[in-house]
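Peer 1: Sending over a structure as structure tokens; questions will come in a sec.
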Amino acid sequence: MNPHRIFCIGKNYAAHVAELAQPGEAIDDDCVIFMKPASALVAEGESIVLPRGLGSVHHEAELVVMLTGGGRDIAEDEALDCVAGLTLGLDLTLRDLQSQLKRRGEPWERAKAFDCSAPLGDFKPYLAQDLQALSFTCHVNGELRQHGHTRDMCHSVARQIHLISQLWALMPGDVLFTGTPEGVGPLSPGDRITLASPTLGAYAWTCS
Ligand code: ZN
């Protein structure tokens, strides 16, 4: 596993946006784009070391795509030519800290880009399957927490690639976390978390 850059899309499933909305918060259909450093990655089988003393750490189960590159300004209808592989991953989030940062209008790095914040499964080759027709689950200690379907994305994978390429020339090894469905919740040391999809396989980590 040697990803180059890790791009993430936030606010891409309406039911998840609704579950985090503050009372009175206006909900629009715009997404958020942010990045994580390579030190955020955790390969399957390695332990997820959770940050301590900074409030709750939430799991966000997501479809993750590996890109072949492609450069700048990729049209939406050509964007899927840039997809090389698929897997599942976790966009771990310090939720209390993120709420604080949102209230202050500050960037999200501290809540989203810490070490071990991006556990990532092994990539399977992209075989031109419909990326908006994939389902996946997240279990914590055997309990179902999230059950998502990519048809519920506000912005398709192709649109996400188009949006990112407006600002960054896509390079081989770039990785894209495509947003999380509803059901996010806290993790604790000792928890066993499993992501699974009928087409992409199953991946598990233990938190410490
Ligand atoms: Zn996310």
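The values are calculated or read from the model by the stated rules, or taken from the named source; none is laboratory data. Only a predicted model underlies this, so the values are computations on that prediction, with no experimental measurement involved. Glycine gets a Cβ as well: all are built from the backbone with ideal geometry, and neighbour counts include every protein chain shown. SASA here: full protein model, heavy atoms, side chains in, ligands and nucleic acids out. Shrake-Rupley method; radii C 1.70, N 1.55, O 1.52, S 1.80 Å.
Peer 1: Pick from the range 59-82 the residues that are of a type outside the set (D, E, K, R) and surrounded by fewer than 22 Cβ atoms within 10 Å (Cβ to Cβ): which of them is nearest to E19 (Cα to Cα)?
Peer 2: L80
Peer 1: Residues that are among the polar types (S, T, N, Q): list the strands (runs of 3 or more DSSP E) wholly contained in the range 43-141 that include at least 1 such residues.
Peer 2: Per the criteria, 83-90, 135-140.
Peer 1: Within the range 84-96, is even one residue within 16 Å of the ligand (Cβ to nearest atom), open to solvent by 60 Å² or more (accessible area, probe 1.4 Å) and in contact with an Asp or Glu (Cβ under 9 Å, 6 or more places away or on another chain)?
Peer 2: Scanning the range 84-96 turns up no residue that is within 16 Å of the ligand (Cβ to nearest atom), open to solvent by 60 Å² or more (accessible area, probe 1.4 Å) and in contact with an Asp or Glu (Cβ under 9 Å, 6 or more places away or on another chain).
Peer 1: Has the range 153-160 got at least one residue that is closer than 16 Å to F34 by Cβ and more than 16 Å from the ligand (Cβ to nearest atom)?
Peer 2: So far as the range 153-160 goes, no, none of its residues is closer than 16 Å to F34 by Cβ and more than 16 Å from the ligand (Cβ to nearest atom).
Peer 1: Is there a residue in the range 121-137 that is in contact with a Pro (Cβ under 7 Å, 6 or more places away or on another chain), under 22 Å from G45 (Cα atoms) and open to solvent by less than 50 Å² (accessible area, probe 1.4 Å)?
Peer 2: Within the range 121-137, none of the residues are in contact with a Pro (Cβ under 7 Å, 6 or more places away or on another chain), under 22 Å from G45 (Cα atoms) and open to solvent by less than 50 Å² (accessible area, probe 1.4 Å).
Peer 1: Shifting gears a bit: So, of the residues in the range 1-42 that are charged (D, E, K, R) and not in a strand (DSSP E or B), which turns out to be farthest from the chain's Cα centre (by Cα)?
Peer 2: My answer is E25.
Peer 1: I would also like to ask the following. Go through the range 155-181 and count every residue that is at pLDDT below 95 and farther than 24 Å from D122 by Cβ.
Peer 2: Of the residues in the range 155-181, 0 are at pLDDT below 95 and farther than 24 Å from D122 by Cβ.
Peer 1: Among R145, R52, which is the only one that is open to solvent by 30 Å² or more (accessible area, probe 1.4 Å) and within 15 Å of the ligand (Cβ to nearest atom)?
Peer 2: One residue alone meets the criteria, R145.
Peer 1: To continue, here is another question. Can you tell which of V184, V140, V157 is among the aliphatic types (A, V, I, L, M) and over 14 Å from the mean Cα position of the chain (by Cα)?
Peer 2: V140
Peer 1: Among (1) more than 16 Å from the ligand (Cβ to nearest atom); (2) in contact with a helix residue (DSSP H, G or I) (Cβ under 6 Å, 6 or more places away or on another chain), there is one condition E182 misses while meeting the rest; what is its number?
Peer 2: (1)
Peer 1: Could I ask something else about it? Given the structure, is E19 of a type in the set (D, E), open to solvent by 70 Å² or more (accessible area, probe 1.4 Å), touching a strand residue (DSSP E or B) at 6+ places or on another chain (Cβ under 9 Å) and farther than 20 Å from G105 by Cβ?
Peer 2: Judged against the criteria, E19 is not a match.
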